[in-house]
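As C-alpha cells, the structure follows; a few thoughts come after it.
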C-alpha cells in the first residue's frame, strides 16, 4: 500500500511572479461565471428552442445534457495529461476553445449544429472549470483556501442573480441568439483579463509515464475517498433542483412569472453568505461545518418536496434557505478535496473530479425522473417527496464520506492554525531572542 500524501505535499508551489490573490480569484470567478451561465441559460430557453427548431422535449433534453456529458468524458481524458501542462497555459487554451464554441452556439442555424456546438462547449468549458479549481489549490495557501474556494464558488449565485434575468431579457428583445453573442463577447474580455492577471504555476517534472501516473492517481486510497465525497455531494442537490420550479407551479401555486423571484432571492442570499461559509471552513473542522449545514439542508429539502399550496412569501423564504444551505455544503467539501490531493496530481485529479461531478449530476437527474409522475386530473406532480428522501440519504452519505476522507487525510479537514499552535505547544516554549543558544 502506498503511503498517504503528507500535508507538506499540499503546500502550493511558488509562482513565477508575485501573486495578487484578489485579482486572481476574481478572474477565476469570472471564468466560472461565464461557463456556468452558458450551461444554465439552456434550461429557460426550452420553449423558445422547441418552437423555433420544431423539436420535441426529448430532443431538447439532449441539447441540455450534451454539455454535461461532453464535459464528463473530456474531463476524464484530460486528467491523463493536465498535470504535465502549466495551469495558466492550459486554462487559456481551454477557455479560448470555450469562447469560440459559444460563438458557434450563437451562429448555429439548425438544431443539429447547435447540438454540435453544445458538445464542443462542454468539452472545453467543463475542463476549464476543473483547471480553475486546481489553480486555487495550487496558489492559495491552505489557511485561506476555503475562502478562495468560496470566492470562486460565488459564480453560481451570481449567474442566478445577474445572468439568468439578463439573458431572458435579451431573449425576449432580440431572440435566443443574442444571449450567446453576449456570452461570447463577455468571455473574450475575461480571456484577456486571464491572460494579463493569472500567474505562472510551475508544472511538475515528469518522472513517469502519464498513464502510469493516472493509474496511481485513480487508485490512491485518499483520492478514491475524495471522488466518493464529490459524487454524493453532487447527487443530493442534482436530484432535487431540476424539479423545484415545476413543483412550485404545479403544487405550490406559483405563476410562471413568479419563478424568477426564486432565483433572484436565492441567488442574492447565496452570494451574501458564500464567503461566510468559506470563513467557517477555514476556522473550524470542515466535517463539523458540513454536518451542521447539512442538518438545515435536510430540513429544508423535506419541507420543499412535500409543500402544497403555500403563500408566496413563505415559499420564497424556504426556497431561499434551500439555495443558501445547498451552496454552503460546497465550501467545506470541495476545500477538503483540494487539500487532500498531492500537488503533483492536482490538475489530473480535479479534471477527473469534474467529470465525476457531471456524471453524478446527470445520473441523479435521470433517477429522480423515475420517481416523478403527473396527475392527469389536477396537473400536480407526484413523487417529489420520494425524491426528497433520496436526497436526504445522499446528504447523510456526504457527511459520512467527508468523515471517511478525514480518517485517511486528517490535514484536509482541520484548521491549519490549530495544527500550528499544537506543534508549537508540543515543542515547548521558544527562548527570547536575547537568550544565548544552548
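The values are calculated or read from the model by the stated rules, or taken from the named source; none is laboratory data. These numbers were taken from a predicted model, which means no experiment stands behind them. Cβ coordinates were reconstructed from backbone atoms using ideal geometry, including for glycine residues, and neighbour counts include every protein chain displayed.
See the values below:
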item: Residue within the stretch 173-188 that is out of contact with any strand residue (DSSP E or B) (no Cβ under 8 Å at 6 or more places or on another chain) and closer than 24 Å to residue 331 by Cβ present; result: no
item: Given (1) without any contact (Cβ under 8 Å) to a residue 12 or more places away in the chain; (2) surrounded by 19 or more Cβ atoms within 10 Å (Cβ to Cβ), number of the condition residue 373 does not satisfy; result: (2)
item: Any chance residue 162 is surrounded by fewer than 19 Cβ atoms within 10 Å (Cβ to Cβ), modelled with pLDDT of 90 or more and within 21 Å of the chain's Cα centre (by Cα); result: no
item: Top-ranked residue of the stretch 101-112 - restricted to ones that are in a helix (DSSP H, G or I) and in contact with a helix residue (DSSP H, G or I) (Cβ under 8 Å, 6 or more places away or on another chain), ranked as nearest to residue 53 (Cα to Cα); result: 111
item: Some residue of the stretch 75-87 being part of a helix (DSSP H, G or I) and closer than 30 Å to residue 260 by Cβ; result: no
item: Which listed residue is more than 21 Å from residue 287 (Cβ to Cβ), assigned by TED's automatic domain parsing to the domain that holds residue 220 and at pLDDT 80 or above, from 382, 397; result: 382
item: Check on residue 93, surrounded by fewer than 17 Cβ atoms within 10 Å (Cβ to Cβ) and assigned to a helix (DSSP H, G or I); result: yes
item: Selection status of residue 121, at pLDDT 75 or above, within 20 Å of residue 97 (Cα to Cα) and crowded, with 18+ Cβ neighbours inside 10 Å; result: yes
item: Residue 356 being at pLDDT 85 or above and over 13 Å from the mean Cα position of the chain (by Cα); result: no
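Okay, residues lined up against (1) under 30 Å from residue 142 (Cβ atoms); (2) over 22 Å from the mean Cα position of the chain (by Cα):
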residue: 248; (1), (2): no, yes
residue: 254; (1), (2): no, yes
residue: 276; (1), (2): yes, no
residue: 320; (1), (2): no, no
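For every residue, the table says whether it meets (1) buried (at least 19 other Cβ atoms within 10 Å of the Cβ); (2) assigned to a helix (DSSP H, G or I); (3) touching a residue at least 60 places away in the same chain (Cβ under 8 Å).
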residue: 299; (1), (2), (3): no, yes, no
residue: 303; (1), (2), (3): no, yes, no
residue: 309; (1), (2), (3): no, no, no
residue: 315; (1), (2), (3): yes, yes, yes
residue: 327; (1), (2), (3): yes, yes, yes
residue: 331; (1), (2), (3): yes, yes, yes
residue: 334; (1), (2), (3): yes, yes, yes
